[in-house]
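*Asks:* Just passing along the structure, written as structure tokens.
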């Protein structure tokens with residue numbers, strides 16, 4: 001059975017501070033998730049979690065880009081329109 005759902009995660013216009021609060025929290029939470037997952041793998045199996053080690057640099061780079069965008073929005077007194085969906089699909093693997 002292939003089932004999929006599309007959920008709206010974020011949909012709105014935000015000022016610099018609102019966008020910072022929402023997006024930095026999301027990225028920080030994902031980074032923390034992968035750091036804890038990797039730490040757990042190191043403790044339990046004595047080696048890094050490969051998936052987490054691949055995702056962490058990408059997430060940190062995205063967070064750096066986000067900081068630049070937020071700074072630009074603040075300096076230019078612009079609002080940010082943010083739209084994000086979560087696509088969930090069932091799979092057998």
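*Asks:* With 22 Å as the cut-off, how large is the P(r) tail for the chain, expressed as percent of Cα-Cα pairs?
*Replies:* 47 percent
*Asks:* R0 = 35 Å: FRET efficiency of residue 35 with residue 8, Cβ-based, nearest 0.05?
*Replies:* 0.80
*Asks:* Follow-up. In percent, what relative contact order does the chain have, based on Cα pairs under 8 Å that are 6 or more apart in sequence?
*Replies:* Working: 87 pairs, mean separation 55.3, N = 93.
Computed over the chain, the figure is 59 percent.
*Asks:* Continuing with this model, one more query. Based on DSSP H runs of at least 4 residues, each adding -39500 (n - 2.57), what is the mean residue ellipticity at 222 nm of the chain after dividing by all its residues, to the nearest 500 deg cm²/dmol?
*Replies:* Dividing the helical sum by the residues of the chain leaves -21500 deg cm²/dmol.
Computed from the coordinates by the stated procedures, all read-outs in this text should not be read as laboratory data. Bear in mind that the values here come from a model prediction, so they are computed numbers and not experimental data. Using ideal geometry, Cβ is built from the backbone for each residue, glycine included, and neighbour counts are taken over all protein chains shown.
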